[in-house]
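Nothing in this text is a laboratory measurement; each read-out follows from the coordinates by a stated rule. Model, not experiment: these values are computed from the prediction. Don't worry about glycine lacking a Cβ; one is built from the backbone with ideal geometry, like all the others, and counts go over all protein chains shown.
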Amino acid sequence: MPVPERVSQTASELRAEIAYHNELYHGKDSPEISDAAFDEILRKLTELEAKYPELLDDVSPTQIIGSGTTTFDPVTHRVPMTSLDNAMDAAELQAWGERAAKGLNNVAMQFACELKIDGLALSIRYENGELVQAATRGDGKVGEDVTANVRTIGVIPKKLITKSGVAVPSVLEVRGEVYMSIEAFKKFREAKMRENEKRVQEGKKPESVPANPRNAGAGSLRQKNAHVTATRELSFWAYQLGEVVGAPNFLTHTQTLDYLRSLGFPINPEVKTLDSLSKVVDFCKQWEASRHDLNYEIDGVVVKLDDLAQREQLGFTSRAPRWAIAVKFAPEERNTILKNISVSIGRTGRATPFAVLEPVVLSGSTVSMATLHNREQVLLKDVRPGDTVVVRKAGDVIPEVVGPVLALRPKNLKPWKFPTTCVCDLKSKLVQVEGESDTRCVEPECPFQRDQRIIHFASRGAMDIEGLGEKTVFALSDKNFVTDIGDLYSLTLEKLLQLDGFAELSAKNLLMAINDSKSRLLPKLLVGLGIKNLGPAAAESLARRFGSLDAIIAATPEQLSEIDGVGEVIATKINAWFADKSHMAIIKKFRAAGVEFGNVVVSTAPQNLVGKAIVVTGTVEGFSREGAQEAITSRGGKSPGSVSAKTFALVVGDEPGASKLTKAQELGVPIVDAAGFLKLLESGEVPS
Ligand code: IVH
């Protein structure tokens, strides 16, 4: 088919675009667009070339990987480092499986499934057991010599020794992924942010901070000075061989990995060999859901035929092996336009800037708003309305603006200034509190704060009033039916029926839920009051010690501060809260409505875990998630959500989070199973 002028024009534009982004990604470690956006452009070109084969030639980027930009010495790979074809969903995986089966005359296949590590591919060459060279992938044919830098990575063997005493291969090229763990990245990013804070204070421009572990890892590996790389805590997983002379004759990929493991290479523990594509689909689904339990980033699953003879039979296309496929997860990071920056007001008056975005689909949901945390963060990130920004939504975590794409910033874009007045009708002042990074609206009557206080009171962690969500609170507030949390108890059917969307049944249900909340336990009521810094653990201790709300109101700050988890600061805040007339008016409304003030369940359990922090991960046999935590707190212990050096023990149930386990192992925190947990509850000590 002749190629229409318009089509060849589009193809050359796509080629230019791909070349530009390849250069940024491989040459400068500073991509402007996400992997997903890049794949999309490449896909468009591949589709055009499939339709008009005349467009295809040897130099098309669909036939070449990477840009080939080399600032280090070039290294020609003896065995090319090819890329992988992608499957974006189960149907594309299935189609790949069918092609492979056809190429093998429908013999049975075993699939070695590995996590697709979001790092930088590396080939390490050993000659007679000595590490002689390490190179990046580059364009697949020629990479960059990063030997000196790779020598600084602790987990990579510098000398190979076989345990059996059998001679090591005369040549062994080990391929795998260099990456920065999430923990190392957080530390690195925080240090960079601190440096930037200093720069800003000194009137200098902040330096760009790597947006994700991949960029930080790639930048660290490609340092000119190996001493800098040595400070960066890089890690490595080995997953493939390049040139090999004199190694044992492997029949399967699994044997290859076993051999590499025996030589001391880190092999990812999650690799699994499966015998059907439906099991592979389940493996992919499971990892897409639990990718955040890992201490490193993955962006998919690599499925490889396990049988090396089958691989040989299928061979390669010009770009990638036919015997492997990368199943990509839904992207978590994308570029979009920052339309505006607005400010939301929380229940304590905290003004939180947030980004109004051109909607993008991330982790499977549409994101049109993202937090910017506080004034400092906006300043440090220097995001401006009109910028193209990198937005990230990792799983269930709230979406975040990572930073601007400076290369795409339109000219004359002005830095954003934090507003000086609140967005509410009162136009009250927004004040930056001394010694705090927060900016606050200091007007307690601010309707935004008032609404948020009511939403908090009704929330799950507090009085748990079903059916009283954000929308209903705004509607009640608009009609002036509630001005504080005390007013909730004088709502009537007649009033609720005036709200949009409420009918007899829904109104009665809400009234019933409000009525039920009157008998909540005292700690829940205390949390619901919204006293700054008074969290559930301190509320629990207060309720246990004082027994009623009236006793807490009557207590002096000194008496309050004696309670475990209530320091002087919180004690003063509690005391001040009850000293406020408007707050005591609320208490009066509660009392009149019959809200219970002394509902404290006194635990009969032995108080043998006082002062001990026990973290639970996974489902512990015989306990619900909350039940396991309750068993700890009812014995006076704490059950925080993360492991630290202070953790007394980590209880590991079924399907535990990998990061908690790794952290506990690193810190030497005792680990107990379900049976050990029972003993721990009984004795208060870690069973030996
Ligand atoms: S195998 C010929 N296995 O993904 C097969 N690659 O999109 C070569 N990657 O260039 C690659 N984890 O940088 C393989 N377990 C894994 C991987 C993996 C991450 C990267 C690698 C590769 C890219 C292809």
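Would you mind checking which residues have amide H under 5 Å from residue 343's amide H? H placed 1.01 Å from N; only 5 or more apart, or other chain.
Hits under the 5 Å cutoff: 354.
Using a 10 Å cut-off around each Cβ, can you sort 417, 393, 411 from fewest to most neighbouring Cβ atoms?
411, 417, 393
Please check which bits of region 502-536 a label hung off residue 484 would reach, taking the label as a point 7 Å along Cα-to-C-beta and the cut-off as backbone N under 18 Å.
Answer for this model: 525-532.
Going by alpha carbons, how many degrees (0 to 90, nearest 10) lie between the helix axis of 568-579 and the longest principal axis of the chain?
40
Give me a comma-separated list of calculated 3J(HN,Hα) values for region 545-562, in order, Karplus coefficients 6.51, -1.76, 1.60 applied at θ = phi - 60°, integers in Hz, x for any Gly or Pro.
Here the 3J(HN,Hα) series is 7, 9, x, 8, 5, 4, 5, 5, 4, 7, 6, 7, x, 4, 4, 5, 6, 6 Hz.
If I model region 427-532 as equal point scatterers sitting on the Cα atoms and use the Debye formula, what is log10 I(q)/I(0) at q = 0.19 Å⁻¹?
-0.95
Length gain on complete extension for the stretch residue 592 to residue 573, per 0.36 nm per residue less the alpha carbon to alpha carbon distance?
Once the chain is fully extended between residue 592 and residue 573, it gains 4.3 nm.
Using only Cα atoms, find the angle between the long axis of helix 581-593 and the longest principal axis of the chain, and express it within 0 to 90 degrees, rounded to the nearest 10.
With rounding to tens, the tilt is 80 degrees.
Normalised by the number of residues in region 93-153, what is the relative contact order in percent for Cα pairs under 8 Å and 6+ residues apart?
Averaging sequence separation for qualifying contacts and normalising by length gives 17 percent for region 93-153.
For a distance above 19 Å, tell me the whole-number percent of Cα pairs in region 84-191 that qualify.
More than 19 Å apart: 63 percent of the Cα pairs in region 84-191.
Can you tell me the equivalent ellipsoid semi-axes for region 367-494? Use √(5λ) from the Cα gyration tensor, largest first, whole Å.
Here the semi-axes work out to 34, 19, 13 Å.
Pop out the ³J(HN,Hα) list for region 124-141 in order, Karplus 6.51 cos²θ - 1.76 cosθ + 1.60 with θ = phi - 60°, rounded to Hz; leave Gly and Pro as x.
10, 9, 10, 10, 6, x, 9, 5, 10, 7, 9, 9, 6, 6, x, 8, x, 9
May I ask for the Kirkwood hydrodynamic radius of region 524-576, worked out over all distinct Cα pairs and given in angstroms to one decimal?
That comes to 10.6 Å for region 524-576.
In Å, what Rg and Dmax follow from the Cα atoms of region 567-627?
Final numbers for Rg and Dmax: 18.3, 49 Å.
Please check which bits of region 260-282 a label hung off residue 110 would reach, taking the label as a point 7 Å along Cα-to-C-beta and the cut-off as backbone N under 12 Å.
In region 260-282, the label zone of residue 110 (backbone N under 12 Å from the point 7 Å along Cα→Cβ) covers 272-276.
What aspartates and glutamates does residue 646 reach when the alpha-carbon gap must be under 17 Å and sequence neighbours fewer than 8 apart in one chain are set aside?
Leaving aside aspartates and glutamates fewer than 8 places away in the same chain, those within reach of residue 646 are 564, 666, 685.
So what is log10(I(q)/I(0)) for region 152-301 at q = 0.13, 0.16, 0.17, 0.20 1/Å, when the Debye sum runs over its Cα atoms only?
Reported log10 I(q)/I(0), two decimals: -0.77, -1.02, -1.10, -1.28.
Quick one: grab Rg to one decimal and Dmax as a whole number for region 100-153, Cα atoms only, in Å.
16.8, 47
For the chain, find the longest principal axis of its Cα atoms and tell me its angle to the long axis of helix 35-51, 0 to 90°, nearest 10.
Roughly 40 degrees between the two axes.
Given just the C-alpha atoms of region 639-688, how large is their convex hull per residue in cubic angstrom?
Dividing the Cα hull volume of region 639-688 by its residue count gives 76 Å³.
Using just the Cα positions, wrap the chain in a convex hull and report its mean projected area in square nanometres, one decimal place.
Orientation-averaged projected area of the Cα hull: 37.8 nm².
Rg and Dmax in Å for region 137-183, alpha carbons only: what are they?
13.7, 38
Ratio of alpha-carbon Rg to the 2.2 N^0.38 Å globular estimate for region 223-316, to two decimals, please.
For region 223-316, the normalised Cα radius of gyration is 1.32.
Which percent, to the nearest 5, of DSSP beta bridges fully inside the chain are antiparallel?
90
Using amide H atoms built in the peptide plane, which far-off residues or other-chain residues are under 5 Å from residue 171 H to H?
Those qualifying (amide H under 5 Å, at least 5 residues apart or on another chain) are 128, 245.
Just want the ordering: 265, 250, from fewest to most Cβ atoms lying within 10 Å of their own Cβ.
Sorted ascending by nearby Cβ count, the order is 250, 265.
Given 10 °C and 1.306 mPa s, how large is the Stokes-Einstein diffusion coefficient of region 256-363 in µm²/s, with Rh as the Kirkwood radius over Cα pairs?
Calculated translational D: 87 µm²/s.
Compute the FRET efficiency between residue 417 and residue 194 as 1/(1 + (r/R0)^6), taking r as their Cβ-Cβ distance and R0 = 22 Å, and round to the nearest 0.05.
Rounded to the nearest 0.05, the efficiency is 0.40.
Let me see the pair-distance distribution of region 460-587: every alpha carbon pair, 5 Å bin width, integer percents in order.
Spelled out bin by bin, region 460-587 gives 2, 10, 19, 21, 15, 12, 10, 7, 3, 1 percent.
Under a crude label model (7 Å from the Cα following the beta-carbon direction), how far is residue 51 from residue 290 in nanometres?
The two pseudo-label positions are separated by 4.3 nm.
Counting alpha carbon pairs within less than 8 Å and at least 6 residues apart, what relative contact order, in whole percent, applies to the chain?
Relative contact order for the chain comes out at 9 percent.
All other residues with a Cβ under 13 Å from the Cβ of residue 171 taken together, and with Lys, Arg as +1 and Asp, Glu as -1, what is their net charge?
It works out to a net charge of -2.
Please work out, to two decimal places, the log10 of the ratio I(q)/I(0) at q = 0.10, 0.14 Å⁻¹ from a Debye calculation in which every Cα of region 563-688 carries one identical scatterer.
One equal scatterer on each Cα of region 563-688 leads to -0.45, -0.72.
Convert each backbone phi in region 682-688 into a coupling constant with the Karplus relation 6.51 cos²θ - 1.76 cosθ + 1.60 (shift: θ = phi - 60°), then list the ³J(HN,Hα) values in order as whole Hz, x for Gly and Pro.
Result, rounded to whole Hz: 6, 9, x, 10, 6, x, 8.
Just to verify a number: FRET efficiency for residue 368 and residue 40, C-beta to C-beta distance, R0 = 30 Å, to 0.05?
About 0.90, to the nearest 0.05.
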